[in-house]
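Just below is one structure, and these are the notes that go with it.
The values are calculated or read from the model by the stated rules, or taken from the named source; none is laboratory data. Fair warning: this is a prediction, and the values are worked out from it, not measured in the lab. Note that we place each Cβ from the backbone using ideal geometry, even for glycine, and neighbour counts take in every protein chain shown.
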Amino acid sequence: MGAEASSATELVLEGVDARYSTDSKDGDGLDHIAAINRVFSQLQFAYHNQYYRAFPDVDSETIAKKYWLSCLEDYAPQQIVAAVKTIVRSQTFLPSLAELIKACERGGDLFGLPSARDAYYEACSAPSPKKDFAWSHPAVYYAGRAAGWYMLANEGQRRAQPIFEHHYQVFCQRVMRGENLEDLSPTPLPSRVNKRLDPAEAKARFAKLRTELDL
């Protein structure tokens, strides 16, 4: 099975559900279909004989690609490609789909992202001003800001860590999709802040309202 067969497989994949293509492209313009084609190309070159024993013809290769595509749809295209590169460098035998999924789940290491636990402790211990701290990764800062620095400083770990980790996972996924976190704008402050009235003024306004309503 040579270059002609591989091209035929890619043409078949072009007809797969559209959600895997245009709308799922990452920051490098790579969609899930292109990512799966790269994965299989890398496996073909790295594990030549094993690859052809596992996928002896175009039909078996196409079926495998479609199945792997459906199982890997929750991971960013660049994350999938990075994971297979790591496997190829370290593994002698053709990986299974389960092994690739595990590599994707460990994908934070491939992008320089600390573990959620380490990121939480870093966010809690970082001194102010937070913006000027030398963060291990920008995602930690943005997750801390989203969770709320006051909350992280004053709530117990049982409550604060899950909230932080939720935001951290969101930003990790953005990193793995190739998005630039610095393009994210902070939530603007409201243009008007209502001040609490003192008791005397509140009583006077209430009396005026009673008069206007003829109560």
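Testing Tyr120 on (1) in the same structural domain as Gln161 (by TED's automatic domain parsing); (2) surrounded by fewer than 12 Cβ atoms within 10 Å (Cβ to Cβ); (3) assigned to a helix (DSSP H, G or I), one condition comes back false. Which one is that?
Going through (1) in the same structural domain as Gln161 (by TED's automatic domain parsing); (2) surrounded by fewer than 12 Cβ atoms within 10 Å (Cβ to Cβ); (3) assigned to a helix (DSSP H, G or I) one by one, Tyr120 breaks only (2).
Which one of Val140, Val88 is touching a Phe, Trp or Tyr at 6+ places or on another chain (Cβ under 9 Å) and either crowded, with 20+ Cβ neighbours inside 10 Å or of a type in the set (D, E, K, R) (or both)?
Values: Val88 fails: either crowded, with 20+ Cβ neighbours inside 10 Å or of a type in the set (D, E, K, R) (or both).
Of the residues listed, the single one that is touching a Phe, Trp or Tyr at 6+ places or on another chain (Cβ under 9 Å) and either crowded, with 20+ Cβ neighbours inside 10 Å or of a type in the set (D, E, K, R) (or both) is Val140.
Test Ala83 against the stated conditions and say whether it is buried (at least 19 other Cβ atoms within 10 Å of the Cβ) and within 19 Å of Asp31 (Cα to Cα).
Numbers: buried (at least 19 other Cβ atoms within 10 Å of the Cβ): yes; within 19 Å of Asp31 (Cα to Cα): yes.
Answer is yes for this residue.
Any idea how many residues of the stretch 54-81 are touching a residue at least 40 places away in the same chain (Cβ under 8 Å) and either within 15 Å of Asp109 (Cα to Cα) or not polar (S, T, N, Q) (or both)?
Initial filter on the stretch 54-81 (touching a residue at least 40 places away in the same chain (Cβ under 8 Å)): 54-58, 61-62, 65-66, 69, 72-73, 75-81.
Those still in the list that are either within 15 Å of Asp109 (Cα to Cα) or not polar (S, T, N, Q) (or both) too: 54-58, 61, 65-66, 69, 72-73, 75-81.
Total meeting the criteria: 18.
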